[in-house]
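*Asks:* Dropping a structure here in structure tokens format, bear with me for questions.
The values are calculated or read from the model by the stated rules, or taken from the named source; none is laboratory data. What you are looking at is a predicted structure, and each value in this text was computed from that prediction instead of being measured. Heads up, the Cβs are rebuilt from the backbone with ideal geometry, glycines too, and the neighbour counts pull from every protein chain shown. Remember, those area values only see protein heavy atoms, side chains included, never the ligands or the DNA or RNA. Shrake-Rupley method; radii C 1.70, N 1.55, O 1.52, S 1.80 Å.
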Amino acid sequence: MDIFNYFISNHNENTPKFSEIFHSINELKLTLDDKSYVLEHYLSMFFHLIKQMDFTYLQEKIHLLFKKSIEKVADSSEKFHYQETETNENLLILSVADSIIEQSLSDFTTEIYYHCCKKVDVIEFQETENKLINLIGKEKFEAFQLMLAQYFIATSFTQFFLQVMIKELSLVLTARDIETDNEIFRLFLKNL
């Protein structure tokens, strides 16, 4: 596999076109007839949720959660024996990376849920989904939802979270120990 091409490629070639989505909306409106306002209400809430995907804000939140998790483990009894304090801290971070990611993801998910709830009533959103399922059928509505998701949600919050966390960890992995002039990942491998 060419990792660089994978990095820059579009992983979802099945993404519908913008115009296809709105043609589909019009078809559903015709099906719903005098109940089409339910679909319009659903779409309004959906687009308000999409507006919450402010990746700059989210990236800052993830960075803060990462730092907060690091502070919790900084007092850990597991110590490495290098002269540089930063090297020892970076090695400690890598040794507990799984728990840092797990705790940060839990905190992030909770925070994002409440952040989104400020803008859109999640219960009302789910009730509106249920009304539409009852009006047009589960299979047809889920196909429509998939089309919306493929176009408007290029990445999930969790995938975005993991990508930012990977970036944070890569900063740790590529930091250099002044004493040995080795990147931290090399020292970490020696200490496994």
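*Asks:* Is there any pair with a first residue in region 45-66 that is within 24 Å of residue 129 (Cβ to Cβ) and a second that is outside any helix (DSSP H, G or I) and open to solvent by less than 70 Å² (accessible area, probe 1.4 Å) whose Cβ atoms are under 6 Å apart and which are 6 or more apart or on different chains, and what are they?
*Replies:* 45/120; 48/120; 49/120
*Asks:* What are the residues in region 153-177 that are open to solvent by 50 Å² or more (accessible area, probe 1.4 Å), touching a helix residue (DSSP H, G or I) at 6+ places or on another chain (Cβ under 8 Å) and among the aliphatic types (A, V, I, L, M), if any?
*Replies:* Result: 153, 162, 173.
*Asks:* Among the listed residues 53, 45, which satisfies the condition of being in a loop (DSSP other than H, G, I, E, B), open to solvent by less than 90 Å² (accessible area, probe 1.4 Å) and within 27 Å of residue 151 (Cα to Cα)? Walk me through how you get there before you give the answer.
*Replies:* Working: 45 fails: in a loop (DSSP other than H, G, I, E, B).
After ruling out the rest, the residue left standing is 53.
*Asks:* Related question: For the subset of region 62-89 comprising residues that are in a loop (DSSP other than H, G, I, E, B) and either aliphatic (A, V, I, L, M) or surrounded by 14 or more Cβ atoms within 10 Å (Cβ to Cβ) (or both), which member is modelled with the lowest pLDDT?
*Replies:* From region 62-89, those in a loop (DSSP other than H, G, I, E, B) are 74-84; that's our starting set.
Those left that are additionally either aliphatic (A, V, I, L, M) or surrounded by 14 or more Cβ atoms within 10 Å (Cβ to Cβ) (or both): 74, 80, 82, 84.
Values: 74: 68, 80: 80, 82: 86, 84: 88.
In this case the residue turns out to be 74.
Yes/no matrix, rows are residues, columns are (1) among the small types (Gly, Ala, Ser); (2) modelled with pLDDT of 90 or more; (3) closer than 22 Å to residue 70 by Cα:
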| position | (1), (2), (3) |
| --- | --- |
| 116 | no, no, no |
| 135 | no, yes, no |
| 141 | no, yes, no |
| 154 | yes, no, no |
| 160 | no, no, yes |
| 165 | no, yes, yes |
| 168 | no, yes, yes |
| 179 | no, yes, no |
| 186 | no, yes, yes |
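*Asks:* Further, regarding this structure: What do you reckon, is residue 62 within 17 Å of residue 184 (Cβ to Cβ) and not aromatic (Phe, Trp, Tyr)?
*Replies:* Details: within 17 Å of residue 184 (Cβ to Cβ): no; not aromatic (Phe, Trp, Tyr): yes.
Answer is no for this residue.
*Asks:* I'd like to check which helices (runs of 4 or more DSSP H) are fully inside region 90-152 and have at least 1 residues that are small (Gly, Ala, Ser), closer than 30 Å to residue 167 by Cα and open to solvent by less than 30 Å² (accessible area, probe 1.4 Å). Please lay out each step first, then the result.
*Replies:* Values: elements: 97-119, 122-136, 138-152.
It comes to 97-119.
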